[in-house]
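Notes follow once the structure below has been shown.
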């Protein structure tokens, strides 16, 4: 069966919709930046262990927020990288990102269908993709092409259907009446990847997740160093709804909370949630007289 024309169209819409809103300054947002740190750490280790010099990402994408960003770490560590994708818009965005990072001389950008690659057999040390495998009900032709042009390794990274965030993301799509364009649940599993790789005669070298990369560590760090201190400030009346608080890091590595302005965010809250979020009149009158003030909480209050 292979990849259907409907799936090709869905993937192309997904890619080009992301390109329109994706940042070009590498500011992906806190959750995605953490994901980036985790993936880059894994890639550095993989590149060193496997001596990867020439890498193809197919189809390359900016699923993680920035077009063409996924393979930057390989180039930073000396590899040459080819990014292939069926969208000119995505490739143009990726090229701009690589220029901005000073790595464009190590990259080649190729427009082609995901399962019809214009490369000779055994061209690359590794061929890989990120969250693209699961977008096809029968990814066999994609995996076959990845194998054909690789002389050593094929790497597939997918979403995890068992992650609690998957359910909530589906609810978000349903509420917004948005097309579900993130792929098939049954393909977001280890058995599906094993089946696809072994179906092309490949041997599985490693699989799995690593507990050291779990999001719980990030969540606990945010709670300990940001949420709990802010909760103390609210409970003691030092911070109120709508106040703008800046968080700085001091030289010893502690977080310092500074109130820049009182009620600065009230207009935004009013616009989004309505008048019930408006501050009392006396507080409004006092705002112009309040300057920046360092608050009595730091991240070491909760150990």
Q. Does the range 2-22 contain any residue that is modelled with pLDDT under 75 and surrounded by 13 or more Cβ atoms within 10 Å (Cβ to Cβ)?
A. yes
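Would a scan of the range 82-94 turn up a residue that is assigned to a helix (DSSP H, G or I) and within 17 Å of residue 36 (Cβ to Cβ)? Quick ask: steps written out before the conclusion?
Filtering the range 82-94 down to residues assigned to a helix (DSSP H, G or I) leaves 88-94.
Restricting the remaining residues to those that are within 17 Å of residue 36 (Cβ to Cβ) gives 93-94.
Yes - at least one qualifying residue is present in the range 82-94.
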Q: Quick one: which residue in 233, 270, 265 is more than 26 Å from the chain's Cα centre (by Cα) and at pLDDT 85 or above?
A: 233
**Q.** Count of residues meeting criterion [surrounded by 15 or more Cβ atoms within 10 Å (Cβ to Cβ) and touching a helix residue (DSSP H, G or I) at 6+ places or on another chain (Cβ under 9 Å)] in the range 107-116
**A.** 6
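One line per residue, one yes/no per condition, for (1) closer than 24 Å to residue 38 by Cβ; (2) outside the structural domain of residue 19 (by TED's automatic domain parsing); (3) in contact with a strand residue (DSSP E or B) (Cβ under 9 Å, 6 or more places away or on another chain):
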| site | (1), (2), (3) |
| --- | --- |
| 98 | yes, no, yes |
| 119 | no, no, yes |
| 132 | yes, no, yes |
| 142 | no, no, yes |
| 172 | yes, no, no |
| 178 | no, no, no |
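So that you can scan it fast, the table gives a plain yes or no per residue for (1) in contact (Cβ under 8 Å) with a residue 40 or more places away in the chain; (2) within 19 Å of the chain's Cα centre (by Cα):
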{"position": "107", "(1), (2)": "no, no"}
{"position": "114", "(1), (2)": "yes, no"}
{"position": "117", "(1), (2)": "yes, no"}
{"position": "120", "(1), (2)": "no, no"}
{"position": "147", "(1), (2)": "yes, no"}
{"position": "150", "(1), (2)": "yes, no"}
{"position": "162", "(1), (2)": "no, yes"}
{"position": "172", "(1), (2)": "no, yes"}
Q: Taking only the range 117-143 into account, find how many residues are more than 20 Å from residue 77 (Cα to Cα) and either modelled with pLDDT under 95 or buried (at least 16 other Cβ atoms within 10 Å of the Cβ) (or both).
A: 15
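The values are calculated or read from the model by the stated rules, or taken from the named source; none is laboratory data. Predicted, not measured: the structure shown is a model, and the values here were computed from it. Cβ: placed from backbone, ideal geometry, glycine included. Neighbour counts: every protein chain shown.
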